[in-house]
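Worksheet for the structure shown next.
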Amino acid sequence: MIIGLTISQFTALHVVISFIGIISGLIALPAYAAGRWMPGMTALFMATTAATTLTGFLFPITVLTPALVFGILSTLVLAVAFAALYGFGLKGRARPIYAVAATVALYLNLFVLVVQAFLKVDSLNALAPNGNEPPFLVAQGILLIAMVFLGWKAVRACPGMPAPTVNRAL
């Protein structure tokens, strides 16, 4: 049991939170990269991405796994994004720092989504059962290129974008 839920129930909750974080990130970050500020969607993205990371630490952990390393990395990246967004209100250098950190946070979630898809979806698993075959590597490569492009656009949008009003009370 984890927070009163069975492992399968908790896993389902973790997955739902992850999908909400990914979807809201795929809305908020491209908007940010286009110079549009979406405070509600950004807050949802940040909160659910943090919740995804933190709930990941509640699973039974006995050894250091790639998932645990990703969780630690995600926590550090999210701390930077939260500081830039809510601590510094996206003022000055905090804007491109947020753009990079938020993009990396979304990338980490999407990376895990691709890994899980190749593990759990039979047709994808048949193409890459070990996770090191060309279809898996191509999918991860395309994802990486797309996220680098999104991050680059988000950083480039920062100087010309009007300063957003950030509610620091979150």
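Okay, here's what the table says:
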| quantity | calculated |
| --- | --- |
| Extreme residue, surrounded by the fewest Cβ atoms within 10 Å (Cβ to Cβ), among residues of region 99-135 that are out of contact with any Leu (no Cβ under 8 Å at 6 or more places or on another chain), assigned to a helix (DSSP H, G or I) and β-branched (Val, Ile, Thr) | VAL115 |
| Meets criteria (aromatic (Phe, Trp, Tyr) and modelled with pLDDT of 95 or more) for PHE70 | no |
| Of all residues making up region 33-67, the number that are in a helix (DSSP H, G or I) and of a type in the set (A, V, I, L, M) | 10 |
| Test: residue in region 86-94 that is among the aromatic types (Phe, Trp, Tyr), surrounded by fewer than 21 Cβ atoms within 10 Å (Cβ to Cβ) and over 20 Å from LEU26 (Cβ atoms) | yes |
| Flag if VAL69 is over 23 Å from PHE19 (Cβ atoms) and among the β-branched types (Val, Ile, Thr) | no |
| Qualifying position, being of a type outside the set (Ser, Thr, Tyr), in a helix (DSSP H, G or I) and in contact with a strand residue (DSSP E or B) (Cβ under 7 Å, 6 or more places away or on another chain), among LEU13, LEU29 | LEU13 |
| Neighbours by Cβ (under 8 Å, 6+ apart or cross-chain): first from region 78-97, at positive phi; second surrounded by fewer than 21 Cβ atoms within 10 Å (Cβ to Cβ) | GLY89/ARG168; LEU90/ALA163; LEU90/PRO164 |
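The values are calculated or read from the model by the stated rules, or taken from the named source; none is laboratory data. The structure presented is a predicted model; accordingly, all values stated were derived computationally and were not measured. Cβ coordinates were reconstructed from backbone atoms using ideal geometry, including for glycine residues, and neighbour counts include every protein chain displayed.
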